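Working notes, structure below.
The values are calculated or read from the model by the stated rules, or taken from the named source; none is laboratory data. Keep in mind the model is a prediction, meaning the values are calculated, not measured. Every residue, glycine as well, gets a Cβ built from its backbone with ideal geometry; the counts of neighbours run over all protein chains shown. These accessible areas exclude ligands, DNA and RNA; they are computed on the full protein's heavy atoms, side chains included. Shrake-Rupley method; radii C 1.70, N 1.55, O 1.52, S 1.80 Å.
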Amino acid sequence: MTELPTRYLASETESKWYARWESAGLFQPSDLPGQKTFTITIPPPNITGSLHMGHALCYPIQDVLGRYRRLQGDSVLILPGQDHAGIATQSVVEKQLRKAGTSGAQLGREKFVEKVWEWRKESGDTILRQFRALGCAFDWSRSRFTLDDRYAQAVLEVFIDWFERGLIYKGLRVVNWDPALQTSVSDIETERKTINGKLYYVRYPYADGSGEILIATTRPETMLGDVAVAVHPSDARYTGLIGKTLRLPLMDREIPLIADPYPDPEFGSGAVKITPAHDANDFEVGQRHGLEQPIILDPRGRITEAGGVYAGLSREEARKRIVQDLESEGYLVKIEDHAIPILVSERSGEIIEPLLSEQWFVRQTELAKPVIQAIEDGDVRFVPDRYARVALDWLENIRDWCVSRQLWWGHRIPVYYDEAGNAYAALNEEAAQAKAGALRIVRQEEDVLDTWFSSGLWPFATLGWPEETDDLKRFYPTDVLVTDRNILYLWVARMMMMGLDKLHERPFRDVYIYATVLTEDGRRMSKSLGTGIDPMGIIERIGADALRYALLSQTGMNQDLRFGERRTEDARNFCNKIWNATRFVLMNVEAPPVRPESLEKVDRWLLSRLARTEQAVRAAYEGYDFQEACQALYRFFWSELCDWYIEVSKARLADPETRAVPQWVLLTAIEAFLKMMHPIMPHLTEELYQHLPLSGKAEFLMSAAWPESLPEADLEVETEVERVFEATRSLRALRAEIDLPAMKPIDTVYFEGDLGGLEEVLRTQGWVQQLRAGRPEGIKSISTTAGGLDLHLPIEGLIDPEKETARLTKEAEKVGAELQKLEQRLANPQFTERAKPEIVARERAQAEELRLRLEKVQARRQLLSD
RNA sequence: GGGCGGUUAGCUCAGUGGUAGAGCACUUCGUUCACACCGAAGGGGUCACAGGUUCAAGUCCUGUACCGCCCACCA
């Protein structure tokens with residue numbers, strides 16, 4: 001007997017087991033002889049992060065893989081940690097300082113960085129606590145942070161090496177500039193948007209007064225920095241005019257008309273104004289033609305001295321004034337509405353300004369080569385594999401990587417300058433001084449490195465690199481990277497570059513890209529849109545296991561996943577079903593049962609289904625098809641174990657003579673099921689496993705072994721038993737026709753055909769007292785044919801002949817239509833000659849069966865009308 | 001502009017060329033006997049559209065439409 005409650009109460013169970021696993025040391029890799037390792041270094045979340053639905057999918061996936069491998073006997077390391085997240089963190093702390101009436105600028109670099117560390121200590125690991133609530137079995141003793149001393153050492157090491165190999169250089173380039181945060185930002189930290197803007201048409205007159213060129217621009221203020229107007233060399237409108245001089249309106253400067261392939265002759269007048277310092281394309285044009293690069297916007301987004309009378313204005317004010325002035329001076333031809341693509345900074349919400357500035361770059365072509373090779377060779381495998389092509393396309397057209405950021409929070413670039421301005425990359429000032437020799441080191445570079453530079457080292461810096469640690473030897477390369485498709489380039493590709501360059505070995509074997517979690521109506525989940533769902537709220541209400549199942553049961557090779565809270569109900573119900581079915585078994589089993597000598601067909605049926613479910617679930621886990629695993633487990637448990645096997649066993653369990661066999665079968669099935677379900681629902685399964693009366697049980701389900709030596713699948717028994725189930729369903733339907741409620745016993749049912757020893761299944765599941773072979777003579781009855789059996793249900797009271805005729809007519813129609821379709825096909829010689837013989841044979845047999853059934857139905861209808 | 005996904009029941013989605021499936025929702029019936037977070041029985045689909053290949057197409061090929069994502073220098 002058991003005192004388990006009739007409902008699964010998640011919150012108590014989950015925290016209890018998490019604590020017990022942890023104190024038993026199960027989150028750390030075991031070290032048994034001959035064990036394979038399985039390693040994941042989790043994508044380090046930002047220290048500013050808090051759990052959203054994407055996390056609630058990403059991290060449990062890794063936990064599922066880890067738990068699965070543990071059950072398979074591997075030594076599993078899932079190494080957690082966090083990313084210092086330069087911009088995100090710096091802006092969070094800045095915001096707090098502003099609230100407190102101060103600012104980073106007031107504190108100065110050193111004090112500010114101290115403040116950030118304080119902040120991290122206090123509230124930087126919220127998200128890691130939330131991973132625990134999700135049940136993630138990560139090795140917290142190995143947790144890493146991208147700004148740890150040892151980690152920082154690794155970052156500098158790579159930088160210095162690349163600097164010395166000439167892979168890192170400093171250069172002037174147009175970068176994404178965030179005027180609010182006053183730093184360059186990476187593409188990933190920007191968002192592409194289209195806004196309703198204006199297209200301004202401006203006259204640029206020839207200096208000799210011989211005419212003018214019409215220029216269209218969406219950013220009129222940038223004309224202050226114009227150095228040329230470009231047209232396509234083959235544009236007939238400008239033949240012979242190339243090289244002429246134009247007068248730049250408002251600025252009283254002369255600029256040349258140049259020919260360059262960049263302008264599209266189809267667009268507008270075909271002429272483009274060239275502002276090299278404020279547009280990446282214009283910059284390239286300027287480079288080709290050796291043009292100057294006047295910078296007209298400062299880091300805060302204000303017009304510089306180069307902007308003449310407009311100096312000091314913000315970019316918005318400048319635009320307004322310039323448009324006014326153009327108009328009053330007669331240069332403005334027209335203004336049209338125009339959809340303008342812009343970039344917005346995700347951190348500040350500010351419009352990104354393309355700005356020429358001095359930045360550090362990493363040459364990418366050379367580093368990308370081994371990555372391309374590894375992907376093409378299948379050395380690193382993408383799942384779904386379509387992402388391999390996406391990655392390759394990017395790598396083959398790669399551009400140099402801007403790695404400097406004008407921030408304080410991060411890895412300060414280890415470049416030191418001597419008094420003559422020479423640059424040295426070194427671990428510290430002393431080392432730099434040693435390299436400089438007689439010249440004195442006077443300053444260090446102010447910028448810090450892009451956060452992705454340090455996270456690119458994640459799979460090996462977390463294991464102790466550059467030291468040859470035991471962990472590094474044992475766990476590198478890792479097995480799989482589980483991530484979001486959005487950071488394929490920025491992170492995944494970089495890790496591969498860095499891993500292949502520094503360790504000459506792929507950082508991971510597989511890259512599994514999981515689906516993006518969307519709202520139920522297909523919109524993005526975002527806090528600002530108010531469309532986000534808080535995973536913690538769901539965990540509190542129904543538990544982490546149900547949340548995990550709800551998400552994982554929709555996760556396969558798909559690109560998106562639509563998630564609404566409604567869906568969590570199914571998951572909760574399934575948890576409860578598992579709970580109660582196990583409870584039922586516990587109520588019916590006292591001691592560890594012994595394996596019986598002989599089994600009945602239903603027993604063999606269930607065990608065969610179990611064996612095939614195990615195959616399916618194992619293949620699904622290995623192939624990252626969690627949806628498939630969930631479905632196989634759900635069907636086995638609910639539709640097969642609960643709906644049929646348990647129901648059939650009830651009578652057997654009630655009889656002391658027959659109960660031993662179903663007891664053993666039930667426990668075998670439940671134990672195997674809990675193990676297979678455990679990766680997805682770790683807490684619930686652990687709790688139930690602990691109650692199972694098994695001999696030789698593991699201390700924890702989590703550290704138990706995957707189901708072994710299950711009986712073999714037996715397809716013949718499956719077919720045989722399922723035929724009887726089909727007959728049973730038909731009998732129940734027949735009962736329903738005469739309004740007999742389910743489970744209400746009826747006296748007698750007659751059957752014709754071979755039940756193959758499964759009489760008890762049909763009798764108990766059809767809720768019949770007595771099953772008789774043969775047909776009822778001289779008794780009114782209604783009949784059906786299913787699963788190769790004829791079933792006759794005697795009617796005591798009156799049959800409603802109309803209703804019964806209608807039922808039989810409908811059945812005759814259905815069977816007739818099916819038969820007709822088959823006969824047509826079989827009459828076609830093309831089919832019988834060309835189709836595979838087994839298909840033809842099967843269809844012939846089916847047609848025969850249908851013909852027989854149709855005859856019976858028609859006979860019954862005839863009988864009724866007599 | 002280029003590339004990649006998707007379009008199957010009211011909803012969310014499965015579906016190895018061989019008679020269209022699941023879960024939820026819906027309808028009817030049923031609560032002492034594991035679970036009403038349950039059980040039983042039902043209704044519901046010209047598989048986006050148009051061509052083609054095939055004895056046979058939701059499935060393979062070509063094209064079109066719509067939705068979504070990524071990349072790209074259209075001022």
Just the residues that are of a type outside the set (A, V, I, L, M, F, W, C) and either part of a strand (DSSP E or B) or near RNA strand B (Cβ under 10 Å from one of its atoms) (or both), please, taken from the stretch A:261-277.
A:Pro261, A:Tyr262, A:Pro263, A:Asp264, A:Pro265, A:Glu266, A:Gly268, A:Ser269, A:Gly270, A:Lys273, A:Thr275
Selection within the stretch A:280-297 - within 13 Å of RNA strand B (Cβ to nearest atom) and either open to solvent by less than 40 Å² (accessible area, probe 1.4 Å) or in contact with a Phe, Trp or Tyr (Cβ under 9 Å, 6 or more places away or on another chain) (or both)
A:Asn281, A:Asp282, A:Phe283, A:Glu284, A:Val285, A:Arg288
Give me the residue from the stretch A:518-567 that is more than 9 Å from RNA strand B (Cβ to nearest atom) and of a type in the set (D, E, K, R) and, out of that set, surrounded by the fewest Cβ atoms within 10 Å (Cβ to Cβ).
A:Lys527
Filter the stretch A:207-237 for residues that are over 30 Å from A:Glu353 (Cα atoms) and open to solvent by 20 Å² or more (accessible area, probe 1.4 Å) and give the result.
A:Ala207, A:Asp208, A:Gly209, A:Ser210, A:Gly211, A:Ser234, A:Ala236, A:Arg237
For the stretch A:388-472, give me every one of the strands (runs of 3 or more DSSP E) that falls completely inside it and has 2 or more residues that are among the small types (Gly, Ala, Ser).
A:423-425
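Here is a yes/no grid of residues against (1) among the polar types (S, T, N, Q); (2) within 29 Å of A:Val480 (Cα to Cα):
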| residue | (1), (2) |
| --- | --- |
| A:Gly537 | no, no |
| A:Ala546 | no, yes |
| A:Asn588 | yes, no |
| A:Arg609 | no, no |
| A:Ala620 | no, yes |
| A:Glu640 | no, no |
| A:Ser649 | yes, no |
So, A:Phe673, is that one in a helix (DSSP H, G or I), within 12 Å of RNA strand B (Cβ to nearest atom) and either out of contact with any Gly (no Cβ under 8 Å at 6 or more places or on another chain) or of a type outside the set (Phe, Trp, Tyr) (or both) or not?
no
Does the stretch A:204-220 hold any residues that are of a type outside the set (Asp, Glu), part of a strand (DSSP E or B) and under 17 Å from A:Pro256 (Cβ atoms), and which are they?
A:Tyr204, A:Pro205, A:Tyr206, A:Ile213, A:Ile215
Under 6 Å between Cβ atoms, at least 6 apart or on separate chains: pull out the pairs that start in the stretch A:558-585 with a residue that is more than 28 Å from A:Pro662 (Cβ to Cβ) and end on any residue that is more than 6 Å from RNA strand B (Cβ to nearest atom) and aromatic (Phe, Trp, Tyr).
A:Ala571/A:Tyr549
Just wondering, is there one or more residues in the stretch A:55-64 that are on the phi > 0 side of the Ramachandran plot and either in contact with a Lys or Arg (Cβ under 7 Å, 6 or more places away or on another chain) or of a type in the set (A, V, I, L, M) (or both)?
no
Would you please list the contacts, defined by Cβ atoms under 9 Å and residues six or more apart or on different chains, that run from a residue in the stretch A:666-682 that is surrounded by fewer than 24 Cβ atoms within 10 Å (Cβ to Cβ) to a residue that is among the β-branched types (Val, Ile, Thr) and not in a helix (DSSP H, G or I)?
A:Leu667/A:Val589
Picked from the stretch A:372-387 (must be open to solvent by 60 Å² or more (accessible area, probe 1.4 Å) and assigned to a helix (DSSP H, G or I)), the residue farthest from RNA strand B (Cβ to nearest atom) is A:Gln373
Identity of the residue in the stretch A:737-766, near RNA strand B (Cβ under 9 Å from one of its atoms) and either in a loop (DSSP other than H, G, I, E, B) or open to solvent by less than 60 Å² (accessible area, probe 1.4 Å) (or both), that ends up nearest to A:Glu804 (Cα to Cα):
A:Asp739
So which residues in the stretch A:639-658 are more than 10 Å from RNA strand B (Cβ to nearest atom) and open to solvent by 50 Å² or more (accessible area, probe 1.4 Å)?
A:Ala651, A:Asp655, A:Pro656, A:Glu657, A:Thr658
Find all pairs meeting these conditions: Cβ atoms under 9 angstrom apart; at least six residues apart or on different chains; first residue within the stretch A:258-277 and farther than 16 Å from A:Thr222 by Cβ and open to solvent by less than 10 Å² (accessible area, probe 1.4 Å); second residue more than 10 Å from RNA strand B (Cβ to nearest atom) and in a loop (DSSP other than H, G, I, E, B).
A:Asp260/A:Pro233
What number of residues within the stretch A:591-638 are more than 20 Å from A:Ala515 (Cα to Cα), open to solvent by 80 Å² or more (accessible area, probe 1.4 Å) and within 16 Å of RNA strand B (Cβ to nearest atom)?
4
Looking at A:Val661 and the list (1) surrounded by fewer than 16 Cβ atoms within 10 Å (Cβ to Cβ); (2) more than 31 Å from the chain's Cα centre (by Cα), which single condition is not satisfied?
(1)
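Yes or no, residue by residue, for (1) touching a residue at least 40 places away in the same chain (Cβ under 8 Å); (2) within 18 Å of A:Leu181 (Cα to Cα); (3) open to solvent by less than 60 Å² (accessible area, probe 1.4 Å); (4) not in a helix (DSSP H, G or I):
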residue	(1), (2), (3), (4)
A:Gln96	no, yes, no, no
A:Thr102	no, yes, yes, yes
A:Trp119	no, no, yes, no
A:Glu122	no, no, no, no
A:Arg150	yes, no, no, no
Residue among A:Ile215, A:Ile242, A:Ile188 that is out of contact with any strand residue (DSSP E or B) (no Cβ under 9 Å at 6 or more places or on another chain) and either modelled with pLDDT under 85 or within 12 Å of RNA strand B (Cβ to nearest atom) (or both)
A:Ile188
